[in-house]
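What follows draws every value from the coordinates through simple rules; no lab data is involved. Please read all numbers here as calculations on a predicted model, not as lab measurements. Glycine also receives a Cβ, built like all others from the backbone with ideal geometry; neighbour counts cover every protein chain displayed.
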Amino acid sequence: MKYTADEKRYDNMKYRKCGNSGLYLPVISLGLWQNFGEETPLDIQKKKLFKAFDLGITHFDLANNYGRPKDGSAEENFGRILKSDLRSYRDEMIISTKAGYDMWAGPYGNGGSRKYLMASLDQSLKRMGLEYVDIFYHHRPDPDTPLEESMTALADIVKQGKVLYVGISNYKAEETEQAVKILNELKVPCLINQIRYNMFERWAEEKLFEVLENSGTGCMCYSPLAQGALTNRYINNKDIPDDSRAAKTGTTIEERYLDEEKLLKVKKLNEIAEERGQSMAQMALAWVLRRKEVTSVLIGASRSEQIEDNVKTIQNLEFLEDEIVKIEDILK
Ligand code: NDP
């Protein structure tokens, strides 16, 4: 049966302005990096996308290389579902994709050259069956390409009508300042920087948040749950659950986040979450959203129940001073 979106989808979600732009993004966005490739049946993918959209999540984040085992399979699957069920909602959706990492063989399938960025965007549009994407990101700074070249390519694809807004991802403070300056000169402002920020990874607090705030650039925080480590997924089990990200091959969660020290911290943090009447995941998301510089948290999900749990975060985004102090104490 064809999907019909919930009429009440905009009743509860909160939306924040993305930097100085006119674009509102939901405080919770959904990423398709994991669990949307060939390994995940299409009906499960549909269930998650429909659940998200029904709950007011309007923003879906992809990249050229998302999807396992085949790079690009997440865009292909997303394109299939768009075509079969979501086409009539296209104007209610913000779809992003990126290029920057390894995608195809040879010298033009990686990096930040004009050749790579333009060719990759065309491939992404084809895979998704779209005429344009809402946001196109340079996925990572490329020290081997002049920044002017990458940024001019971004500005030009906006002028070609293939992209509405452009962004950068994984750019540090100084790189961001330079990219913003060049894009401003080209009259195509930098909408957003997509970065890793969560309770365990806080480098953005040193300088980047200030740069984003001062330049009116939005901030999309990916892996806000530390790929699942900042949830109750691993603290209540002796062994790694079979259906979890950590049990899959080719993921970085274990080396990054699943050591004893961090798990002990999550256990303690979970006690504060319980006192707040929240799940651990909800508190971790609210904690990221406490920063005024943050536009949205970009979550992943292996099942639709996780999306429901995470969206309930918006019922309590406030922290008492005392809670912040206790959290800092655990994290230090
Ligand atoms: P998260 O930190 O949100 O981790 C998602 C994982 O956490 C899920 O797969 C699930 O794990 C677990 N989870 C989610 N909600 C819950 C819950 N309520 N209770 C228990 N467990 C939960 O984000 P990701 O690391 O997946 O990244 C999100 C998105 O960010 C990506 O899809 C991508 O769009 C973007 N991204 C961008 C990068 C960049 O370089 N720009 C890099 C990485 C990500 P499980 O699968 O075990 O159930």
Those aspartates and glutamates that a straight Cα-Cα span of less than 18 Å connects to residue 159, excepting residues fewer than 8 apart in one chain: 122, 131, 134, 148, 149, 185
Ranking request for peptides 243-249, 64-70, 199-205: highest mean number of other beta-carbon atoms within 10 Å first, then the rest in descending order. 64-70, 199-205, 243-249
Enter the angle in degrees (range 0 to 90, nearest 10) between the Cα long axis of helix 147-159 and the first principal axis of the Cα atoms of the chain, meaning the one along which they spread out most. 80
Taking the Cα centre of the stretch 171-229 as origin, sum charge times position over the Cβ atoms of Lys and Arg (+1) and Asp and Glu (-1), and report the length of that vector in debye to the nearest 20. 180
Please give the peptides 2-11, 151-160 ranked by average Cβ packing (other Cβ atoms within 10 Å per residue), highest first, as a rough proxy for protection. 151-160, 2-11
Find how many whole Å separate the alpha carbon centroid of the stretch 268-301 from the alpha carbon centroid of the stretch 84-115. 29
Which net charge results for the neighbourhood of residue 30, defined as the other residues with beta-carbon distances under 11 angstrom from its beta-carbon, given Lys and Arg at +1 and Asp and Glu at -1? +1
So how far, in whole Å, is the C-alpha centre of the stretch 17-81 from the one of the stretch 116-182? 19
Beta bridges per DSSP with both ends in the chain, % antiparallel, nearest 5: 10
Output ordering of 48-57, 12-21 (per-residue mean of other Cβ within 10 Å, highest first) is 48-57, 12-21
Please list 3J(HN,Hα) in residue order for the stretch 187-200, calculated via the Karplus relation 6.51 cos²θ - 1.76 cosθ + 1.60 where θ = phi - 60°; whole Hz, with x for glycine and proline. 6, 10, x, 7, 5, 6, 10, 9, 9, 7, 8, 7, 4, 9
Among 113, 37, 57, the residue whose Cα sits farthest towards the positive end of the charge dipole of the stretch 2-129, when +1 is placed on the Cβ of each Lys and Arg and -1 on the Cβ of each Asp and Glu, is 113
